[in-house]
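Visitor: The following block contains the structure, expressed as structure tokens.
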Amino acid sequence: MKEKIEIVEGDITKQQVDAIVNAANTSLLGGGGVDGAIHRAAGPELLEETRKIGGCPTGEARVSGGYRLPAKWVIHTVGPVWRGGNRNEDELLASCYRNSLKAAVEIGAKTVAFPSISTGAYGFPLERATKIAFTETKKFLEKDDRIEKVIFVCFGKEAFNTYKKIFDQIF
Ligand code: AR6
């Protein structure tokens, strides 16, 4: 199980995987942060496709092509906005990971890269989000062996160090 997880520091748009996950918003029409980076790297065809998808509720996931990205697919998921922790944020974030992994299995993606969903503009505390990311991924990989590798892409040293620390607590 542990050997299926990789933690790297870098830019998710550069990952050579079957699918990358995007931390999008409910419109799926692009934005800042990792969403902006993914749309820039994929090219305008991505927006054309996500416009047709027509949005995505918080906690769910939708699949598009990867266009100019090395990844064949983008799995768009919408994390919760942090509102203090009593507004179902934990469960919604957990369902982002579950639904993204489920979507990966459905399209036949064997390697998947995740950003740290909700921990940028949406303000979710990093350690708490990282625990949820690992717990859900672990549960999923335990019951479904079709995904071979999950890469957590950390944007910056602080996130990388947090991921490394929490990894040892959960796996
Ligand atoms: N590769 C990997 N991680 C990145 C990259 C990158 N190129 N760029 C940023 N991150 P955020 P959210 C990290 O704000 O909190 C958008 O406008 C970043 O350091 O991108 O889910 C959407 O359209 C942070 O750790 O997503 C939504 O409106 C993590 O990605 C809103 O932001 C997530 O930060 C979603 O907010």
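The values are calculated or read from the model by the stated rules, or taken from the named source; none is laboratory data. Here the structure is a predicted model, which is why all the values come from computation and not from measurement. As a convention, Cβ positions derive from the backbone with ideal geometry for all residues, glycine included, and neighbour counts pool all protein chains shown.
Visitor: Which residue pairs have Cβ atoms under 8 Å apart, sit 6 or more places apart or on different chains, and have a first residue in region 10-22 that is at pLDDT below 95 and a second that is not acidic (Asp, Glu) and not in a strand (DSSP E or B)?
Guide: So the pair list comes out empty.
Visitor: Does Val8 satisfy the criteria of being within 12 Å of the ligand (Cβ to nearest atom) and either touching a Cys at 6+ places or on another chain (Cβ under 9 Å) or over 20 Å from Asn99 (Cα atoms) (or both)?
Guide: Details: within 12 Å of the ligand (Cβ to nearest atom): yes; either touching a Cys at 6+ places or on another chain (Cβ under 9 Å) or over 20 Å from Asn99 (Cα atoms) (or both): yes.
Against the criterion (within 12 Å of the ligand (Cβ to nearest atom) and either touching a Cys at 6+ places or on another chain (Cβ under 9 Å) or over 20 Å from Asn99 (Cα atoms) (or both)), Val8 qualifies.
Visitor: Consider region 142-155. How many of its residues are within 16 Å of the ligand (Cβ to nearest atom) and not in a loop (DSSP other than H, G, I, E, B)?
Guide: Of the residues in that region, 5 qualify.
Visitor: Continuing with the same structure: From the residues in region 117-141 that are of a type in the set (Ser, Thr, Tyr) and within 13 Å of the ligand (Cβ to nearest atom), which one is surrounded by the most Cβ atoms within 10 Å (Cβ to Cβ)?
Guide: Out of the qualifying residues, it is Ser118.
Visitor: Just the residues that are surrounded by fewer than 16 Cβ atoms within 10 Å (Cβ to Cβ) and of a type in the set (A, V, I, L, M, F, W, C), please, taken from region 48-69.
Guide: Residue satisfying the conditions is Ile53 alone.
Visitor: Looking at region 12-43, which of its residues are in a loop (DSSP other than H, G, I, E, B), near the ligand (Cβ under 8 Å from one of its atoms) and either under 14 Å from the mean Cα position of the chain (by Cα) or buried (at least 21 other Cβ atoms within 10 Å of the Cβ) (or both)?
Guide: Asn25
Visitor: Which condition does Ala61 not pass, out of (1) away from the ligand (no atom under 11 Å from the Cβ); (2) farther than 19 Å from Val150 by Cβ; (3) touching a residue at least 40 places away in the same chain (Cβ under 8 Å), if it passes all the others?
Guide: (2)
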